[in-house]
Amino acid sequence: MSSPAASSTTPCVCLSARACQHDWPRQPWPGIPPSFHCRSPLSHIPPPPPPPPHQVKSTVKKHSAPLTLFCVEPSMRNFAHLILTRDAFFPPTSPPDLQWYIVNAAVSNVTGVSHFPRGCVDELCSLQGNSDGTRPRDFDYVPLTTLDALVKDYAIPAIDILKIDTEGFDATVILGSMEVLARGRVSLLTFEYHEVGVWREYALRDVVEKLDGLDYVCYFDSKQTLSRMTSCWDPAYEYYNWSNVVCVKRTHFMYAELEAMSSRFERHRAKYYAGKRAAGQGKEPTVQDAASP
């Protein structure tokens, strides 16, 4: 399956954060089952699904599933380094079902052409300038694309993991992915949230609610556990700091796995497993069970 990833630097068509602002549609989304509330019973948590048909096993063994990776990078310098990295890990002798495509472009919410700092020496460069906030005199023109356009151009049938790390412009990348997300072609996506770029114009809650309307459940990714944000919103999540969000399609098998990793699950383990026992789906695992082969 194909796994496009947004650029590791900053793709955006606009020269200022405010110019990138777009209102998130707030009209209801008919036909979408409502989320259960954070303090409601856990009866709506899906049971753990069967293992996926393809699982990547130990790296010392031969791969057991095809892999296609897309990296979209606007910086010419980083683009060149990515090519060297790809050639080291995916040499010409690699099996034909292992593919790594590198695209020199910026991902945004529109298509076109823009410029990107030529002297980018770290991961914090953006279309707004270098990491110190200044705009260099030298720049390269780079194509702008959207995830929706990228999926069409490369005939990508589905995306297992979409990783967005665009130094403050993740919201515009999500805006340019509406068609792909609405069709459920992305299984799991992650993005960053902090105070730079267009996050000064977008509210994280609006993004989470938008993804909820597209049938995705989002979690705040902390060091120890996941904190569910969808239907469990707390104003404390809306703070400007480097943080990560992970979202999963409700119909995907990873939804149950992520829910089991959440702090909400930890608070209600007894209720969860009581429901499973009542349904004849087994008992709560013990330390002895975990140690069993």
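The values are calculated or read from the model by the stated rules, or taken from the named source; none is laboratory data. None of these values were measured; they are calculated from a predicted model. We place every Cβ from the backbone using ideal geometry, glycine too, and count neighbours over all the protein chains shown.
Points worth noting:
- As a summary of the residue check, Glu179 satisfies the conditions (1) in contact with a strand residue (DSSP E or B) (Cβ under 8 Å, 6 or more places away or on another chain); (2) part of a helix (DSSP H, G or I) except for the one numbered (1).
- Some residue of segment 151-160 being of a type in the set (Phe, Trp, Tyr) and closer than 17 Å to Asn241 by Cβ: no
- Residue match in segment 183-192 (condition: out of contact with any strand residue (DSSP E or B) (no Cβ under 7 Å at 6 or more places or on another chain) and under 28 Å from Gly112 (Cα atoms)): yes
- Annotation: of all residues in segment 193-210 being touching a helix residue (DSSP H, G or I) at 6+ places or on another chain (Cβ under 7 Å), farther than 15 Å from Ser227 by Cα and not aromatic (Phe, Trp, Tyr), the one that is surrounded by the most Cβ atoms within 10 Å (Cβ to Cβ) is Val198.
- Segment 70-100, subset in a loop (DSSP other than H, G, I, E, B) and among the small types (Gly, Ala, Ser), residue surrounded by the most Cβ atoms within 10 Å (Cβ to Cβ): Ser75
- Hits in segment 93-137 - residues which are out of contact with any Leu (no Cβ under 8 Å at 6 or more places or on another chain) and modelled with pLDDT of 75 or more: Thr93, Ser94, Pro95, Pro96, Asn104
- In segment 184-230, residue nearest to Met254 (Cα to Cα) [restricted to those that are assigned to a strand (DSSP E or B) and of a type in the set (Asp, Glu)]: Asp221
- Annotation note: of Ile164, Ile174, the sole residue that is of a type in the set (Val, Ile, Thr), in contact with a Ser or Thr (Cβ under 8 Å, 6 or more places away or on another chain) and farther than 18 Å from Arg228 by Cβ is Ile164.
- Sole residue being within 22 Å of Gly112 (Cα to Cα), charged (D, E, K, R) and surrounded by 23 or more Cβ atoms within 10 Å (Cβ to Cβ), chosen from Asp140, Asp165, Asp170: Asp170
- Within segment 75-86, residues that are of a type in the set (Phe, Trp, Tyr) reach partners that are surrounded by fewer than 19 Cβ atoms within 10 Å (Cβ to Cβ) and modelled with pLDDT of 85 or more with beta carbons closer than 9 Å, at six or more positions or on different chains, in the pairs Phe79/Ile102.
- Scan of segment 87-122 for residues that are in contact (Cβ under 8 Å) with a residue 12 or more places away in the chain and of a type in the set (A, V, I, L, M), ordered by number: Leu98, Ile102, Val103, Ala105, Ala106, Val107, Val110, Val113, Val121
- When segment 231-260 is filtered for residues that are without any contact (Cβ under 8 Å) to a residue 60 or more places away in the chain and in a strand (DSSP E or B), the ones remaining, listed by number, are Ser243, Asn244, Val245, Val246, Cys247.
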